[in-house]
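Note sheet for the following structure.
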Amino acid sequence: MDPSSRRKLWDVLSAIRAKQSSIMLTTHSMEEAEALCTRIAIMVSGKLRCLGTPQHLKSKFGDGFELEVKLKTPTPAELAAVGQERLSSSSSSSSSRKLSQSEINKACVVWGRPDWAGLVTEKGSGATLWALLRDGGRVPVATVVEWLLAEEGSERLEGFLKEHFGEGVKVIERASWFTFRFSLPVRREGGREGGVGLSLADMFERLEAGKVECGIVEYALGETQIEVIFNRLCAEGQREEEEETREEEEEEREEDEA
């Protein structure tokens, strides 16, 4: 269903519900559930895992807040200048060159982060570079410099967030080199479980203070989405089911051996 038609259907359902009617809706879209439902039940493998209002589920199962951040993307001129400055002791500094795997490893050493060479893998943050290198390809210097700057910005941003919001900060998703989604658990002042948590105003104030330092272009802060809670409960249910299956298989094996 296209977005316009879906919105019209949502309006119809909301109007019916407003007439003191009850509607039971089954859906895999948590956006739809949150928009239409006053109470949400999540079932995993036929078992009811939770039931409550969207706000109740967020408070009970959510990990504090979620933060989406977009960092400043360097221009081609900035990439050329940084490459010349930071890689000047390497033959890789020429902006017209394309680098092999060994030359990228050397560039990481010159940059001062030889460990980042290990990120140029299919599943690492340097997956784009890995894809270009596959089958004997080479990567433009500007692309390598952009990736190195992105890794630098990522570390700076994560360090800033952990300093101001606690060590529990985790990267949930990295949509691109300069776009991130973090989980920010509510930090307790004074280090005590019963302390006072940061208010939204405090959190926004700290983020605003770090915009220049971290190169933040834009950000969005909000509570954990129902979609994340749904995926987490599904994953937990799947793990429990796999453990039960393993236990049953072990019991059957022991019975056969006996």
Output yes when any residue across region 7-17 is assigned to a loop (DSSP other than H, G, I, E, B) and either free of Cβ contacts under 8 Å to residues at least 24 places away in the same chain or touching a strand residue (DSSP E or B) at 6+ places or on another chain (Cβ under 8 Å) (or both), and no when none is. no
Scan region 43-61 and report the pairs whose first residue is more than 18 Å from ALA235 (Cβ to Cβ) and in contact (Cβ under 8 Å) with a residue 40 or more places away in the chain and whose second residue is among the aromatic types (Phe, Trp, Tyr) and buried (at least 17 other Cβ atoms within 10 Å of the Cβ), with Cβ atoms within less than 7 Å and a gap of 6+ or a chain change. none
Residue identified as assigned to a helix (DSSP H, G or I), over 22 Å from VAL44 (Cβ atoms) and at pLDDT 85 or above among GLU255, GLU248, GLU155, GLU243: GLU155
One residue is enough: does region 165-179 have a residue meeting the conditions within 14 Å of the chain's Cα centre (by Cα) and aromatic (Phe, Trp, Tyr)? yes
Taking only pairs six or more apart or across chains, which ones have beta-carbon atoms under 6 Å, a first residue in region 167-186 that is exposed (fewer than 14 other Cβ atoms within 10 Å of the Cβ), and a second residue that is among the charged types (D, E, K, R)? GLU173/ARG181
Residues being under 29 Å from VAL217 (Cα atoms) and at pLDDT 85 or above: count how many of those fall in region 66-108. 24
Filter region 205-231 down to residues that are within 12 Å of LEU71 (Cα to Cα), part of a helix (DSSP H, G or I) and of a type in the set (D, E, K, R), then give me how many there are. 2
Does region 91-108 contain at least one residue that is basic (Lys, Arg) and either under 30 Å from LEU207 (Cα atoms) or in contact with a Cys (Cβ under 7 Å, 6 or more places away or on another chain) (or both)? no
Consider VAL145 against the criteria (1) without any contact (Cβ under 8 Å) to a residue 60 or more places away in the chain; (2) touching a Leu at 6+ places or on another chain (Cβ under 6 Å); (3) over 30 Å from GLY64 (Cβ atoms): it satisfies all of them except one. Which criterion is unmet? (1)
Take the conditions touching a Gly at 6+ places or on another chain (Cβ under 7 Å) and either outside any helix (DSSP H, G or I) or among the hydrophobic types (A, V, I, L, M, F, W, C) (or both) and apply them to PHE180. Does it pass? no
Against the condition under 20 Å from LEU221 (Cα atoms) and touching a Leu at 6+ places or on another chain (Cβ under 8 Å), how does GLY153 come out, does it pass? yes
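The values are calculated or read from the model by the stated rules, or taken from the named source; none is laboratory data. Here the structure is a predicted model, which is why all the values come from computation and not from measurement. Here the Cβ is made from the backbone with ideal geometry for all residues, glycine too, and neighbour counts use every protein chain on show.
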